[in-house]
Amino acid sequence: MNYRLIAIGGVVLFLSGLLAGYKLFAPGKAPAAASSQQLILTTLHDRGFLVTQTYIFDQPAVIKKSAGSALKDFFFGQTIAARGTMEVNLGIDLGKVEAGDVEFAADTVTVRVPAVSLFNTRLVGPVEVKNSQGLLKKLFDSDDGYNEALAALSRAAEEAAGRPELVERATARAKEDVERLLIYFLKDKKIIISVK
């Protein structure tokens, strides 16, 4: 009978130790997907400037520097004709999204993002520059016109990228990309992206 009591006591002690160990060291529940405002802001701010659309333009630019009359142009005039391939990147600056731009409702999250803006304009290939200078200008101030041509090509490409239909396309793509960033941790909510 003594052995029986010792065996029962040992089993009870073993089971109570097993239960206490499970309660103390049991794996916790999987963390629920946090839909907090701070998580959304951190995700967007970490992304920085999101380039949503890239356009390539190959168009000519002409710079005509007139001295005022045909005779003066013959001596001091200059005409620069340039052609080059320019790349223009449009996108949104996600660093400008603030806490007030994120709103939660029952089953929806609304995020207001900044409007599409120009990120950069850069030359993709060589620039062909044809420079016609007046006689005296060629002798005393021989400027190849490359920098002015590059600036004119950049301005022309930026103006072309600013057309409403191209900005609209970049805005639509920006909304899709931001939604794609947020859907990973907002699976159970409908995401609405609007522009400020």
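Bear in mind these aren't lab numbers, they're just calculated from the coordinates by the rules spelled out. Here the structure is a predicted model, which means the values were calculated and not measured. No Cβ is skipped: glycine too gets one built from the backbone with ideal geometry, and neighbour counts run over all protein chains shown.
Descriptive notes on the structure:
- Whole-percent pair-distance distribution, where bins are 10 Å wide, for the alpha carbons of the chain: 8, 21, 16, 13, 12, 10, 7, 4, 3, 3, 2, 1, 0, 0
- Exposure proxy for T54, T85: other Cβ atoms within 10 Å of each Cβ, ordered fewest to most, give T54, T85.
- Note on T42 and A172: the model spin-label points, each 7 Å out from Cα along the C-beta direction, lie 3.5 nm apart.
- Net charge, A172 excluded, C-beta distance under 12 Å - Lys, Arg +1, Asp, Glu -1: -2
- Residue exposure sequence - T108, T171 - by fewest surrounding Cβ within 10 Å: T108, T171
- Residue (of L90, V127, L50) at the positive-pole extreme of the chain, dipole from beta-carbon charges: L50
- Summed side-chain charge close to K196 - residues other than K196 whose Cβ falls under 12 Å, Lys, Arg +1, Asp, Glu -1: -1
- Electrostatic dipole magnitude of the chain [Cβ: Lys, Arg +1; Asp, Glu -1; Cα centre; debye, to 20]: 540 debye
- Proximal lysine pairs, region 32-195, alpha carbons under 24 Å, eight or more residues apart or interchain: 17
- The calculated 222 nm mean residue ellipticity attributable to helices in the chain amounts to -13500 deg cm²/dmol, summing -39500 (n - 2.57) over DSSP H runs of n ≥ 4 and dividing by all residues.
- Sorted fewest first by neighbouring Cβ atoms within 10 angstrom, E179, E128 come out as E128, E179.
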